[in-house]
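All remarks here apply to the structure that follows.
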Amino acid sequence: MNKTRLEAFSDGVLAIIITIMILEIKVPHGVEFADLKPLIPKFLSYVLSFVYVGIYWNNHHYLLHGLSKVNGKILWSNLHLLFWLSLIPVSTGWMGEHNFAKTPLAFYGIILFGCALAYIILQKIVLDIEGKDSLLAKVLGKDLKGKISVVLNIIGIVSAYFNQWISGSCYVIVALIWLVPDKRIERIFS
């Protein structure tokens, strides 16, 4: 089965997710810069989520680039990832609307955890199909970043009820870890 339909569908879903997120930020009723102040939590949650969706899009692109064939397992695991990613706008909106309150912050972490887990599952299925000696397997290695991300997401979820700053910091740290592109992937595939 050809992978281009999978890539096109995934790109379309991710574009819609970003569109939905920005539509959650409503135009202020006033005409002064001070009227933007209530939008700051929504904007900050949007920026963080935009970065996350961008990171998943980027890594998904490289993962599929290294894929030689598609089967039903990949299709369903990809849909599983897209399901979790499609929940990001809801958690982003809730978190921004309620100024990073405990439960919305924990819910955001649960969604990020679901995304991370779904991506790990997709990655494992792709590697099983491509083989342990494939270029992709060599590039991904032991996936230390993925394991650290899962742990930080769990810490972020739990700490949301004790200290929102720690929780939010965990989510930002995960984004920063993944924001730095892995040059090994570009080198191997070029």
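So ILE129 fits all but one of (1) in contact (Cβ under 8 Å) with a residue 40 or more places away in the chain; (2) more than 21 Å from LYS147 (Cβ to Cβ); (3) under 13 Å from the mean Cα position of the chain (by Cα); what number is the exception?
It is condition (3) that ILE129 fails.
In this structure, is SER77 in contact with an Asp or Glu (Cβ under 7 Å, 6 or more places away or on another chain) and closer than 30 Å to ASN2 by Cβ? Break it down stepwise before answering.
Numbers: in contact with an Asp or Glu (Cβ under 7 Å, 6 or more places away or on another chain): no; closer than 30 Å to ASN2 by Cβ: yes.
Criteria not met by SER77.
When you check LYS26 against the structure, is it at pLDDT below 95, open to solvent by 90 Å² or more (accessible area, probe 1.4 Å) and over 27 Å from LEU136 (Cα atoms), yes or no? It would help to see each step written out before you state the result.
Values: at pLDDT below 95: yes; open to solvent by 90 Å² or more (accessible area, probe 1.4 Å): yes; over 27 Å from LEU136 (Cα atoms): yes.
For LYS26, the condition - at pLDDT below 95, open to solvent by 90 Å² or more (accessible area, probe 1.4 Å) and over 27 Å from LEU136 (Cα atoms) - is met.
Find the residue count for the stretch 1-48, including only residues that are acidic (Asp, Glu) and either within 21 Å of SER91 (Cα to Cα) or outside any helix (DSSP H, G or I) (or both). Working first, answer last.
Narrowing the stretch 1-48 to residues acidic (Asp, Glu): 7, 11, 24, 32, 35.
From what is left, the residues that are either within 21 Å of SER91 (Cα to Cα) or outside any helix (DSSP H, G or I) (or both) are 11, 24, 32.
Summing the residues that are acidic (Asp, Glu) and either within 21 Å of SER91 (Cα to Cα) or outside any helix (DSSP H, G or I) (or both) in the stretch 1-48 gives 3.
Within the stretch 73-81, is there a residue that is open to solvent by 20 Å² or more (accessible area, probe 1.4 Å), of a type in the set (Phe, Trp, Tyr), closer than 20 Å to GLY156 by Cα and assigned to a helix (DSSP H, G or I)? If you could, list the steps in order and put the result at the bottom.
Just the residues of the stretch 73-81 that are open to solvent by 20 Å² or more (accessible area, probe 1.4 Å), to begin with: 73, 75-76, 79-80.
With of a type in the set (Phe, Trp, Tyr) added as a condition, the list becomes 76.
From the residues that got through so far, the ones that are closer than 20 Å to GLY156 by Cα too are none.
No - not one qualifying residue is present in the stretch 73-81.
Please name all residue pairs, on different chains or six or more residues apart, with Cβ atoms under 7 Å, provided the first residue is in the stretch 51-65 and is in contact (Cβ under 8 Å) with a residue 40 or more places away in the chain and open to solvent by 20 Å² or more (accessible area, probe 1.4 Å) and the second residue is among the aliphatic types (A, V, I, L, M) and assigned to a helix (DSSP H, G or I).
VAL51/ALA175; VAL51/LEU179; TYR56/LEU85; TRP57/LEU14; TYR62/ILE185
Test each condition in (1) in contact with a helix residue (DSSP H, G or I) (Cβ under 7 Å, 6 or more places away or on another chain); (2) free of Cβ contacts under 8 Å to residues at least 12 places away in the same chain for LEU79 and report the one that comes out false.
Exception for LEU79: condition (1).
Identify, please: which residue in the stretch 127-166 is of a type in the set (S, T, N, Q) and outside any helix (DSSP H, G or I) and is, among those, least open to solvent (accessible area, probe 1.4 Å)? It would help to see each step written out before you state the result.
Narrowing the stretch 127-166 to residues of a type in the set (S, T, N, Q): 134, 149, 153, 159, 163-164.
Filter once more, so that each one left must be outside any helix (DSSP H, G or I): 134, 163.
Values: SER134: 18, ASN163: 56 Å².
Once the filter is applied, the top-ranked residue is SER134.
The values are calculated or read from the model by the stated rules, or taken from the named source; none is laboratory data. Please read these numbers as outputs of a predicted model, since none were measured by experiment. A quick note on method: Cβ atoms are made from the backbone with ideal geometry, for glycine too, and the neighbour counts reach across all protein chains shown. These area figures cover heavy atoms from the full protein model, side chains too; ligands, DNA and RNA do not enter into them. Shrake-Rupley method; radii C 1.70, N 1.55, O 1.52, S 1.80 Å.
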